[in-house]
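Single-structure report; data block below.
The values are calculated or read from the model by the stated rules, or taken from the named source; none is laboratory data. On a predicted model such as this, the values are computed, not experimentally measured, just so you know. Note that we place each Cβ from the backbone using ideal geometry, even for glycine, and neighbour counts take in every protein chain shown.
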Number of protein chains: 2
Amino acid sequence: MRVAIIGSGCSRFGELWEKGFREIYLEAGLKAIEDAGIEGKEINALYVGNMSAGMFLGQEHVAALIADYAGLAELNIPAVRVEAADASGAVAFREAYLAIKSGLFDVVVAAGVEKVTDVSDQSKIVSSAADQEWECFFGANLASLYALIAKIHMKKFGGGEEDLALIAVKNHKNAVNNPIAHYRREISVEDVLSSPYVAEPLKVLDSAPISDGAAALVLASEEFARRVCDDPVFVEACCQASDYLALQSREDLTSMKAVVKASRKAYKRAGIDSKDVDVAELHDVFTIAEIIQYEDLGFCKKGEGYKLIREGITCLNGDIPVNTSGGLKACGHAAGASGIRQIAEIVDQLRGKAGKRQVDAEIGLSLSVGGTGATAVVTVLRR
Amino acid sequence: MRVAIIGSGCSRFGELWEKGFREIYLEAGLKAIEDAGIEGKEINALYVGNMSAGMFLGQEHVAALIADYAGLAELNIPAVRVEAADASGAVAFREAYLAIKSGLFDVVVAAGVEKVTDVSDQSKIVSSAADQEWECFFGANLASLYALIAKIHMKKFGGGEEDLALIAVKNHKNAVNNPIAHYRREISVEDVLSSPYVAEPLKVLDSAPISDGAAALVLASEEFARRVCDDPVFVEACCQASDYLALQSREDLTSMKAVVKASRKAYKRAGIDSKDVDVAELHDVFTIAEIIQYEDLGFCKKGEGYKLIREGITCLNGDIPVNTSGGLKACGHAAGASGIRQIAEIVDQLRGKAGKRQVDAEIGLSLSVGGTGATAVVTVLRR
């Protein structure tokens with residue numbers, strides 16, 4: 001049975017001081033339902049990706065909370081919260097996809113939401129994606145772990161800090177035309193290189209912001225989708241893989257094995273090759289991650305990721321535009337919401353609704369990664 | 001397609017000072033795999049129910065952590081953490097069930113784990129199951145919310161504190177014969193009535209403990225199950241429902257609507273009636289909850305729950321033995337693990353492996369509730 005996406009909606013990403021957790025979701029959820037042209041009572045189940053409402057807000061049981069505030073409690077539908085660090089949204093999407101595949105549900109909403117600006121120790125909470133006992137206890141955090149990865153990758157394959165800067169420059173440029181983006185302004189290579197180090201060689205402008213935000217998608221069985229929607233986008237594959245949580249256990253830090261495994265499974269299931277991908281949203285939580293993901297997804301050979309950005313191949317007018325939304329770097333990274341937001345961008349591209357960011361695409365890919373790569377989800381969509 | 005359970009395993013429940021989060025899981029996981037007689041490499045996916053490793057341990061991304069420590073990272077299988085307060089384990093089970101139903105997986109492990117004794121503010125963290133902005137901000141916690149429910153139920157239907165005490169007495173008696181139980185000792189009605197109030201009319205001995213613990217189940221497609229297992233237990237239905245999170249929004253506090261809805265869907269899907277249930281594990285987080293659940297599950301009419309315990313109908317030798325394990329009250333309540341542990345007890349009963357707790361049963365039911373009832377999951381099993 002094929003599964004389709006029939007509606008999408010995102011809140012603005014950024015520092016949403018004026019809104020609480022539930023209000024942020026509501027904005028995205030209502031847009032998605034309206035976009036799908038369905039009524040709330042047609043929804044059979046709700047999946048919510050959220051990384052850490054516990055530590056950010058002292059609130060667990062968040063899917064029930066969202067169902068309640070969205071007016072779905074009256075319907076008593078199942079509401080499930082899914083967590084896999086900053087891949088939570090993508091994993092929630094995959095559970096919604098499996099729920100429809102099971103044949104038990106026709107219409108399922110997959111959403112992601114994160115409210116982070118209410119607390120001060122955000123970077124500590126974000127580092128809960130890494131192994132607390134084996135990494136963070138010894139002083140590591142997410143930035144220092146990615147810095148280690150960047151160092152090794154640069155040493156082995158000859159990339160430089162200027163190459164990383166090009167990723168941030170490209171993504172900021174794309175975000176200018178994205179109305180929901182956290183940062184809608186261009187930056188220069190010089191801006192990136194002169195920004196302070198977070199963990200050398202990674203600088204402030206190599207790092208995605210920690211944003212508030214929400215996104216929602218309406219998934220449906222093909223039969224339902226054909227009935228209500230003129231331009232459904234089909235989920236050709238949604239595959240997830242895991243890897244060792246702590247870097248110390250991995251064979252090779254220059255590659256994310258979960259990304260390799262999830263993408264190869266997804267290509268096989270979708271019956272495509274990496275060359276068939278027309279547009280992609282990748283997980284540029286730090287600039288180095290996007291470079292490594294080019295390689296691990298097979299967009300180029302291992303070690304040649306730098307070439308793709310140097311030669312403009314992943315720019316908006318290149319062969320494989322990557323992060324047309326602005327990516328996590330400039331559209332913003334609202335941990336549990338990002339995976340859904342990424343898929344929503346691909347949906348917009350495939351439906352021709354991406355405005356000034358529009359590229360020509362029939363097949364799109366979204367990759368979400370949890371922490372330093374212990375979780376990866378690859379979704380392949382086709383219009 | 002039918003889904004079967006082919007193996008189960010639980011750690012001891014209690015204050016496990018000598019073990020960390022990952023070690024507790026490992027004990028349960030290895031037992032379940034051994035019980036199923038399969039090898040680790042046959043596992044296609046892992047689901048982990050966990051309520052709040054974030055607040056208890058500062059650790060998110062817990063399914064990846066568990067997959068890693070259990071030796072499954074090498075296989076790169078999908079590892080998904082699911083959260084719905086103290087129904088987390090049951091919701092993880094349901095996602096594992098749907099994953100097999102989708103036809104994409106043959107063998108899936110559903111586990112639950114919670115490590116709570118490393119921190120001091122446990123009852124605050126447990127109350128994150130309730131609405132932080134609309135309930136806890138004003139001073140309510142889980143105990144006071146259940147006390148409110150108890151007061152209203154007792155006033156309307158004429159139960160007394162002695163009736164509630166009988167639930168605790170029964171469950172402690174059952175736990176004596178459960179080797180994994182947190183409290184393996186009998187208590188008397190007098191013990192309960194003389195214990196201090198937590199939130200009047202609920203006393204310390206009306207309340208389930210906050211335990212460490214883990215439990216794991218191996219689920220498989222019927223075809224796989226028939227090949228490797230002599231006594232599979234079949235999942236006839238696993239249905240989930242939600243309700244308003246905050247009590248203020250609910251029409252009637254003497255009934256949990258999510259329990260009513262989930263159970264009626266489950267009975268229908270399993271093709272049974274409440275009278276067909278031979279043994280049940282209910283969510284006695286406070287004694288009043290078990291009484292209300294008798295009624296909401298249709299084991300008796302509304303308001304007659306007290307009669308079932310007064311007349312011994314739910315005792316080990318009664319018509320519908322409830323909480324043969326000792327329930328959350330005496331077996332222990334390890335939030336995210338309890339839903340799996342409850343199903344494991346029913347599996348033991350249906351396979352004739354419950355030792356001195358054994359009852360005669362062909363059909364069993366497990367009910368898990370999140371917080372004060374915004375989530376309910378009802379699972380119907382048949383041998």
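Worth pointing out:
- Of the helices (runs of 4 or more DSSP H) lying entirely inside the stretch A:1-74, those containing at least 1 residues that are without any contact (Cβ under 8 Å) to a residue 60 or more places away in the chain and more than 11 Å from chain B (Cβ to nearest Cβ) span A:21-36.
- Selection count where residues are facing chain B (nearest Cβ under 7 Å) and either without any contact (Cβ under 8 Å) to a residue 60 or more places away in the chain or of a type in the set (A, V, I, L, M) (or both), scope the stretch A:96-105: 4
- Only one of the listed residues (B:V192, B:V218, B:V204, B:V285) is closer than 28 Å to B:V109 by Cα, away from chain A (no Cβ under 14 Å) and of a type in the set (V, I, T). That residue is B:V218.
- Condition met for A:V119 (at pLDDT below 95, farther than 24 Å from B:G370 by Cα and either in contact with a Phe, Trp or Tyr (Cβ under 7 Å, 6 or more places away or on another chain) or assigned to a loop (DSSP other than H, G, I, E, B) (or both)): yes
- Selected residue [small (G, A, S), closer than 17 Å to B:Q132 by Cα and assigned by TED's automatic domain parsing to the domain that holds A:V218] from A:A111, A:A79, A:A64, A:A87: A:A64
Here's the yes/no breakdown for (1) surrounded by fewer than 24 Cβ atoms within 10 Å (Cβ to Cβ); (2) aliphatic (A, V, I, L, M); (3) in a strand (DSSP E or B):
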| residue | (1), (2), (3) |
| --- | --- |
| A:L316 | yes, yes, no |
| A:K329 | no, no, no |
| A:I340 | no, yes, no |
| A:A344 | no, yes, no |
| A:K356 | yes, no, no |
| A:D360 | yes, no, no |
| A:S366 | no, no, yes |
| A:T372 | no, no, no |
| A:L381 | no, yes, yes |
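- Only a single criterion out of (1) out of contact with any Asp or Glu (no Cβ under 7 Å at 6 or more places or on another chain); (2) within 17 Å of A:S338 (Cβ to Cβ); (3) of a type outside the set (S, T, Y) is not satisfied by A:N171, namely (1).
- Any hit, the stretch A:76-95, residues being of a type in the set (K, R) and either more than 12 Å from chain B (Cβ to nearest Cβ) or without any contact (Cβ under 8 Å) to a residue 40 or more places away in the chain (or both): yes
- Note on the stretch A:329-341: residues that are closer than 16 Å to A:A168 by Cβ and touching a helix residue (DSSP H, G or I) at 6+ places or on another chain (Cβ under 6 Å) total 3.
- In a residue-by-residue description of the stretch A:308-319, the property of being under 16 Å from A:R12 (Cβ atoms) and at pLDDT 95 or above applies to no position.
- Residues within the stretch A:118-140 that are away from chain B (no Cβ under 12 Å) and more than 20 Å from the chain's Cα centre (by Cα), tallied: 5
- Counted residues, the stretch B:263-287 - those being part of a helix (DSSP H, G or I) and within 14 Å of B:N323 (Cα to Cα): 1
- Note on the stretch A:131-184: residues that are charged (D, E, K, R) and in contact with a Cys (Cβ under 7 Å, 6 or more places away or on another chain) total 1.
- For A:Q293, the test of being modelled with pLDDT of 95 or more, touching a Lys or Arg at 6+ places or on another chain (Cβ under 9 Å) and either crowded, with 23+ Cβ neighbours inside 10 Å or among the small types (G, A, S) (or both) is failed.
- In the stretch A:10-38, the residues that are farther than 17 Å from A:L72 by Cα and either among the polar types (S, T, N, Q) or crowded, with 24+ Cβ neighbours inside 10 Å (or both): A:C10, A:S11, A:F13
- Residue count, the stretch B:190-214 (criterion: out of contact with any Ser or Thr (no Cβ under 7 Å at 6 or more places or on another chain) and more than 25 Å from B:S88 (Cα to Cα)): 10
- Which listed residue, of B:A70, B:A96, B:A45, B:A90, is over 17 Å from B:A215 (Cβ atoms) and among the small types (G, A, S): B:A45
- Residues (touching a Ser or Thr at 6+ places or on another chain (Cβ under 6 Å) and either more than 14 Å from chain B (Cβ to nearest Cβ) or within 14 Å of A:V322 (Cα to Cα) (or both)) located in the stretch A:360-377: A:S366
- Hey, B:D276 modelled with pLDDT of 95 or more and out of contact with any Asp or Glu (no Cβ under 9 Å at 6 or more places or on another chain) or not: no
- Members of the stretch B:299-314 that are assigned to a loop (DSSP other than H, G, I, E, B) and under 15 Å from B:V169 (Cβ atoms): B:E311, B:G312, B:I313, B:T314
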